[in-house]
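Input: a single structure, listed below in structure tokens.
Read the figures in this text as sums done on the coordinates, not as results from a lab. Quick caveat, the model's predicted, so the values are computed rather than measured. Neighbour counts run over all protein chains shown; Cβ positions are idealised from the backbone, glycine included.
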Amino acid sequence: MTTPSRVVITGASDGLGAALARHYAARGATLGLIARREDHLRALADSLGVPTAVYPLDVRDGAAIAAAAADFIGRFGVPDVVIANAGVSAGNLTEVADDVETCQWIFDVNVLGMVKTFQPFVDPMRAAGRGTLAGIASVAGIRGLPGSGAYCASKSAAITYLESLRVELRGSGLSVVTVCPGYVRTAMTARNPYAMPFILEPDDAARRIARAIDARRRHAVIPWPMAIVAKLLRLLPGAVHDRVFAGAKRKPGRRELGL
């Protein structure tokens with residue numbers, strides 16, 4: 001297993017992103033950390049003990065990401081791994097007018113934010129003939145759940161986008177890894193009002209995700225018991241799916257979460 005020398009991570013200020021930063025720092029990687037909260041990013045960077053560039057920005061801002069990519073490459077070289085981890089989640093209902101904006105927000109961050117993260121790195125990495133683009137999707141992208149239409153659809157779109165990107169880059173030397181975690185104990189899941197089987201601590205999830213990235217797996221569901229659940233969900237007939245999940249508890253909306 002070759003240790004990546006340079007790793008860029010979005011959504012790095014807390015939760016899974018911060019855990020990924022800690023994991024790669026422990027392996028001696030030079031890091032580029034991207035997130036909106038500068039104070040959290042700088043505190044994390046100060047704790048890592050490796051060369052770390054901090055980029056406080058919103059992944060919806062493509063120009064800002066392009067500038068960060070140019071700065072990182074200029075200072076440290078082309079990254080070995082870029083992890084598009086930034087994501088948001090909130091419940092939504094189609095009949096609620098305010099939730100149209102919620103849907104826009106979720107898609108802008110979870111899908112377009114991933115595209116904007118990868119875009120400025122593709123040509124330099126292709127020119128170098130190496131590297132891995134890893135996108136953090138979710139098992140929530142496998143089947144639609146009531147009250148979570150925007151989130152499930154955004155993760156489904158991310159999965160399909162990453163598959164398309166992988167095929168586009170075939171033969172270039174670049175790998176594209178789709179990571180579909182189950183539940184990870186973070187602020188994002190803290191207020192979910194339903195059972196979360198096989199939930200992982202962030203540092204454990206980060207180790208497993210890094211192994212999938214190291215192995216350049218095309219599609220990794222983490223942890224492995226959730227992969228079995230995912231396969232069963234894919235096979236579940238629509239009528240059965242609808243009946244089973246119709247009464248499921250709903251994820252809190254954006255206002256309830258204070259977002």
**Asked** Based on DSSP H runs of at least 4 residues, each adding -39500 (n - 2.57), what is the mean residue ellipticity at 222 nm of the chain after dividing by all its residues, to the nearest 500 deg cm²/dmol?
**Response** -14500 deg cm²/dmol
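What's the exposure ranking of Thr10, Thr3, going from fewest to most Cβ atoms within 10 Å?
Thr3, Thr10
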**Asked** So what is the relative contact order of the stretch 23-70, in percent, for Cα pairs below 8 Å that sit 6 or more residues apart?
**Response** 36
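Label the stretch 45-96 by shape, choosing from rounded, prolate and oblate, from the square roots a ≥ b ≥ c of the eigenvalues of the Cα gyration tensor; if a/c is under 1.5 it is rounded, and otherwise prolate applies when a/b is larger than b/c, oblate when it is not. All intermediate terms of the calculation are to be shown ahead of the outcome.
Values: a/c = 2.96, a/b = 2.03, b/c = 1.46.
Taking the square roots of the gyration eigenvalues as a ≥ b ≥ c, the stretch 45-96 is prolate.
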**Request:** Scan around Ile222 for amide H atoms under 5 Å from its own, H built in the peptide plane at 1.01 Å from N, and keep only partners 5 or more places away or cross-chain.
**Result:** Cys180, Gly182
**Request:** Note the angle between two axes, namely the Cα long axis of helix 224-235 and the longest principal axis of the Cα atoms of the chain, as a number of degrees from 0 to 90, rounded to the nearest 10.
**Result:** 50
**Complete:** The rounded separation in angstrom of the Cα centers of the stretch 205-257 and the stretch 41-97 is 24
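Using only the Cα atoms of the stretch 1-111, build the gyration tensor, take square roots of its eigenvalues as a ≥ b ≥ c, and label the shape rounded, prolate or oblate: rounded if a/c is under 1.5, else prolate if a/b is larger than b/c, else oblate.
Prolate, since a/c reaches 1.5 and a/b exceeds b/c.
Give the calculated FRET efficiency between Ser164 and Ala97 to the nearest 0.05, with a Förster radius of 35 Å applied to their Cβ-Cβ distance. Each step should come with its number before you reach the end.
Working: r = 33 Å, r/R0 = 0.93.
For R0 = 35 Å, the calculated efficiency reads 0.60.
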**Fill in**
Applying the gyration tensor rule to the Cα atoms of the chain (axes a ≥ b ≥ c; rounded if a/c under 1.5, else prolate if a/b exceeds b/c, else oblate), the class is prolate
**Complete:** Relative contact order as a percentage, the stretch 6-257, C-alpha pairs under 8 Å and 6+ apart, gives 19
**Amide H contacts of Ala12 (H built 1.01 Å from N, under 5 Å, at least 5 apart or other chain)** = Ile34, Ala35
**Prompt:** Can you tell which of Ala53, Ala67, Ala35 shows the greatest fluctuation in a Gaussian network model of the chain with Cα springs below 10 Å?
**Reply:** Ala67
**Asked** If amide H atoms are built 1.01 Å from N in the plane of the peptide, which residues on other chains or at least 5 residues away come under 5 Å of the amide H of Thr30?
**Response** Arg6, Val7
**Item:** In Hz, Karplus ³J(HN,Hα) per residue of the stretch 193-202 (6.51, -1.76, 1.60; θ = phi - 60°; x = Gly, Pro)
**Value:** x, 9, 5, 10, x, 6, 5, 10, 6, x
